[in-house]
Amino acid sequence: MNAPRPAAPVTGAATRFLSGAGLLLRGIGLYVRSPGLMLLGVVPALISGALFLGAFVALVYFVDDLAALVTPFADDWSSTWRSAVRVVAGLAFLGLGGLLGVLTFTAVTLVIGDPFYEKISERVEERYGGTPGAVDVPFWASLRRSVADSLRLVAVTALVGIPLFAAGFIPVVGQTVVPVIGAAVGGWFLALELVGAPFYRRGMRLPDRRSLLKADRPTTLGFGVAVFLCFLIPLGAVLVMPAAVAGATLLARRSLGQPIEER
């Protein structure tokens with residue numbers, strides 16, 4: 001189906017960015033007010049978190065070997081310069097691993113916890129007036145679509161991450177500008193991933209949500225970057241995931257021009 005085209009926002013980009021971040025805070029508020037339901041969402045996040053923590057620890061353990069593997073040209077350099085370039089390479093590996101880890105964590109957690117997060121999203125929609133245009137999508141069909149769209153997003157993120165990884169070797173820029181770009185890219189794809197449930201509920205797929213979120217990119221980035229930064233905090237992804245799903249439902253409703261104030 002064709003996605004609706006809401007009117008373009010008229011407020012400033014900075015205000016909309018902060019408003020997007022505020023949607024995550026509102027999701028946390030819903031979390032606090034409905035702890036029984038929201039705690040169900042922590043279970044799949046704990047399972048995914050354990051898997052990805054192990055993978056990241058392994059990356060940290062082998063990062064020196066990986067840095068040496070991609071910098072053979074520095075083998076004959078002085079120890080000072082060789083160490084410096086390999087520290088930069090190691091940081092680039094950790095940055096790319098963190099970016100891909102956050103996004104693949106979200107994709108895997110949403111698949112594992114699909115029934116829980118669907119229920120959280122539905123409960124949020126009920127608070128704000130229901131789901132206009134809802135369609136009945138069988139569970140397995142919805143799960144297949146979710147997995148397919150998640151794989152597409154992860155693949156695109158990996159393609160974007162490769163240039164960021166290469167840019168990480170640039171002194172100063174690689175340790176200042178690149179992390180900011182990485183947070184913006186990661187935030188954008190996180191937002192696209194998290195709004196999946198409310199869009200599927202309306203019979204809309206990845207191209208629809210991409211088009212609608214682009215119409216108010218600052219708000220989308222504000223929400224996505226806030227979630228991304230929370231996910232970088234130890235245990236942040238596990239604890240914030242249910243609230244992020246709730247906030248993403250508000251973001252979806254806002255992008256569709258539907259009310260996000262309780263009735």
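Note on ASP136 and ALA167: with the Förster distance fixed at 45 Å, the Cβ-Cβ geometry gives a FRET efficiency of about 0.45.
Each Lys or Arg adds one and each Asp or Glu takes one away; over the other residues whose Cβ falls under 15 Å from the Cβ of ALA74, this sums to -2. Prolate is the label for the chain, because the ratio a/c of its alpha-carbon gyration tensor axes (a ≥ b ≥ c) is 1.5 or higher and a/b is greater than b/c.
Each residue of region 243-248 was assigned a 3J(HN,Hα) from its phi angle through the Karplus expression (A = 6.51, B = -1.76, C = 1.60, θ = phi - 60°), giving 5, 5, 5, 5, x, 5 Hz with x at Gly and Pro. Please work out whether region 17-79 counts as rounded, prolate or oblate from its C-alpha gyration tensor, where a ≥ b ≥ c are the square roots of the eigenvalues and a/c under 1.5 means rounded, while otherwise a/b larger than b/c means prolate and anything else oblate? Oblate, because a/c is 1.5 or more while a/b does not exceed b/c. Between GLU122 and VAL177, the FRET efficiency from the beta-carbon distance, with R0 = 51 Å, is close to 0.80. Using a simple spin-label model with pseudo-atoms 7 Å out from Cα toward Cβ, VAL43 and SER79 lie 5.5 nm apart. Within the accessible surface of the chain, defined with a 1.4 Å probe on protein heavy atoms only, the carbon and sulfur portion equals 71 percent. With a ≥ b ≥ c the root eigenvalues of the C-alpha gyration tensor of region 192-241, is it rounded (a/c under 1.5), prolate (a/b larger than b/c) or oblate? Cα axes put region 192-241 in the oblate bin. Residues in region 67-80 carry Karplus couplings, in order, of 4, 5, 5, 8, 10, x, 5, 8, 4, 9, 6, 5, 4, 5 Hz; the curve used is 6.51 cos²θ - 1.76 cosθ + 1.60 with θ = phi - 60°, and Gly or Pro positions show x. For the chain, the solvent-accessible area of protein heavy atoms averages 48 Å² per residue (probe radius 1.4 Å; ligands and nucleic acids excluded).
Once backbone amide H atoms are built at 1.01 Å from N, GLY129 has ARG263 as its partners under 5 Å, excluding neighbours fewer than 5 places away on the same chain.
The values are calculated or read from the model by the stated rules, or taken from the named source; none is laboratory data. Here the structure is a predicted model, which means the values were calculated and not measured. Note: ideal-geometry Cβ built from the backbone for every residue, glycine included; neighbour counts use all protein chains shown. Heads up: the accessible areas ignore ligands, DNA and RNA and are worked out on the full protein's heavy atoms, side chains in. Shrake-Rupley method; radii C 1.70, N 1.55, O 1.52, S 1.80 Å.
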